[in-house]
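*Asks:* What follows is a single structure, and I will ask about it in a moment.
The values are calculated or read from the model by the stated rules, or taken from the named source; none is laboratory data. A quick note: this is a predicted structure, and the numbers were derived from the prediction, not measured. All Cβ positions, glycine included, derive from the backbone under ideal geometry; neighbour counts span all protein chains shown. Heavy atoms of the whole protein, side chains included, go into the accessibility calculation; ligands, DNA and RNA do not. Shrake-Rupley method; radii C 1.70, N 1.55, O 1.52, S 1.80 Å.
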Amino acid sequence: FTETVGDLGAFRWVEPAPAAREEEGGARLVLSLPRGLEELGLPAPVAEDSASAQTLVRVPEDQPTIQRALDVAPAGARIAVKAGLYREALRVRRPVTIVGELGAAGTVIDARGLGAAVLDVQFAATDESQRARVEMRGVTLTGGVGRLVVDKGGSFGGALAISGPVEVELEGCALWRNGQITHTGRGGAVYIAPGSLARLSRCLLAGNEAELTGGIAYVDGGELDLRDCTLVSNRCVPRIGLPCGVALGSGAKVQVEGALVWDNLGQPFAVLPQAVGAALTVRRSNVQGGWEGSGVIDLPPKFRDPLDSDWRLAPESAPELEGLGALR
C-alpha cells in the first residue's frame, strides 16, 4: 500500500525512531500543518450570554459534527468549534458564523477523500438586493477538491466554493493543500461564481493546486478581496489553460492589499482569454516579478524555513516587507 505525496494532502508519513518503533507500531500518518499558524491570531471569544448574542451551538458539546450544527442551527447562529481534526466537507445554505475556538493552528477541517470543497457556500437567487453573510474565523481548510460545476465541466474551488447572493468572510484562516492536480480544474483554493463576494483577511493560502487555471483562486464574475494575506507555494501547471495564481473571468473584480505573493507557479494574476469587464487592483503588496499598483514592490523575502512549510519572515528580511502578509 503506497500513496504519493499529492494523495496525502495535508498529511505525511512519519517513521518513528528505532527505539520507539515497537511501542508506536511502525510508520504512521500524521497531520502536517504550516508553521506559525498561531500568528494568524485567535478569533474573538465566543459570547456566553446567548440572550444578548447570536444563538450559540458548540461542537462537539451540543452537536457531534460541524455539518450537523449547520443543519440544525437557525439563520444567524454562531457555531463554536472545539480544537481538533474534523473529517468533513461542509455545506452552508443559511447565514452563519463558524469560529475555531483555538484558531487555525488548533481547528482543522479535512475533506480528503470526500470529493468536495471543504466549505461549499451556495445560496439560491432571491429578489432581495442585500447579500446573505457567512463568516469563518480561525480554521484550517485542507484536502478539498472543489465543487462539481456540471455546466462548466469540472470541479472548482478546492477549499472554498461560493455561489448565489452571498458575502463570505474568512479571517485568520489557512487554506492549505487543496485542489490536487487532475481533480480541481479551476481555483485550487477558491472559486467565486457571478454575484458572490469573498473577503479574506489575515489568511494563509499555500500548497493549493489547479489543473486548468487559478492555482489560488478562480473569480468567475464575482468579487474577491484579499487583505493582509500570504499567498505562497500554490501550483498551476496546466496541459491546457492559463497558468496563474488568481484567474479573473468576465466581470470579475479583485482587490489585493497588504499581501505577500511569492513562489507560486504561473503568473500571479491573469485575466482569462475572452474575459471582458474584469478589474484588478493591487496595492501595498510584495509580488514576485512585480505588478502595477500603488506601493507594490518585488523583494525576495527571507522565509524562516520554506522547505518545512514555514513562511514566516526571518528577522533579516528587508524592512520594506514588515507588516505584509498574514504571518510575521
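*Asks:* In straight Cα distance, which lysines are under 17 Å from Lys152, not counting same-chain residues fewer than 8 positions off?
*Replies:* Counting by Cα, and skipping residues close in sequence, Lys152 has no lysines nearby.
*Asks:* Something else about it: Average the reciprocal distances over every distinct pair of alpha-carbons in region 195-243, invert the result, and give the Kirkwood radius in Å.
*Replies:* 11.6 Å
*Asks:* Would region 165-224 count as rounded, prolate or oblate if I go by the C-alpha gyration tensor, calling it rounded below 1.5 in a/c and otherwise prolate when a/b exceeds b/c, oblate otherwise?
*Replies:* Taking the square roots of the gyration eigenvalues as a ≥ b ≥ c, region 165-224 is oblate.
*Asks:* Then there is this: Work out Dmax and Rg for region 57-215 from the C-alpha atoms and quote the Rg first, both in angstrom.
*Replies:* 14.4, 42
*Asks:* Measuring with a 1.4 Å probe in the full set of protein chains, what accessible area per residue, in whole Å², belongs to the chain?
*Replies:* Using a 1.4 Å probe on heavy atoms only, each residue of the chain averages 44 Å².
*Asks:* Would you grab the residues whose amide H sits under 5 Å from the one on Ala83? Only those 5+ places off in sequence or on another chain, please, with H modelled 1.01 Å from N.
*Replies:* HN-HN under 5 Å from Ala83: Glu101, Leu102.
*Asks:* Additional query: For percent of Cα pairs over 33 Å apart, which listed value, (1) 14; (2) 23; (3) 29, comes from the coordinates shown?
*Replies:* The listed entry that was calculated here is (2).
*Asks:* Okay, next question. With both partners inside region 215-328, how many of the DSSP beta bridges are antiparallel, as a percent to the nearest 5?
*Replies:* Roughly 10 percent of the DSSP beta bridges within region 215-328 come out antiparallel.
*Asks:* For a quick protection proxy, order the peptides 276-287, 183-194 by their average other-Cβ count within 10 Å, most packed first.
*Replies:* Ranking, from highest mean packing down: 183-194, 276-287.
*Asks:* Rounded if a/c is under 1.5, else prolate if a/b beats b/c, else oblate: with a ≥ b ≥ c from the C-alpha gyration tensor eigenvalues square-rooted, which is region 137-187?
*Replies:* Oblate.
*Asks:* Cα convex hull of region 197-295: mean projected area in nm², to one decimal?
*Replies:* About 5.4 nm², averaged over all directions.
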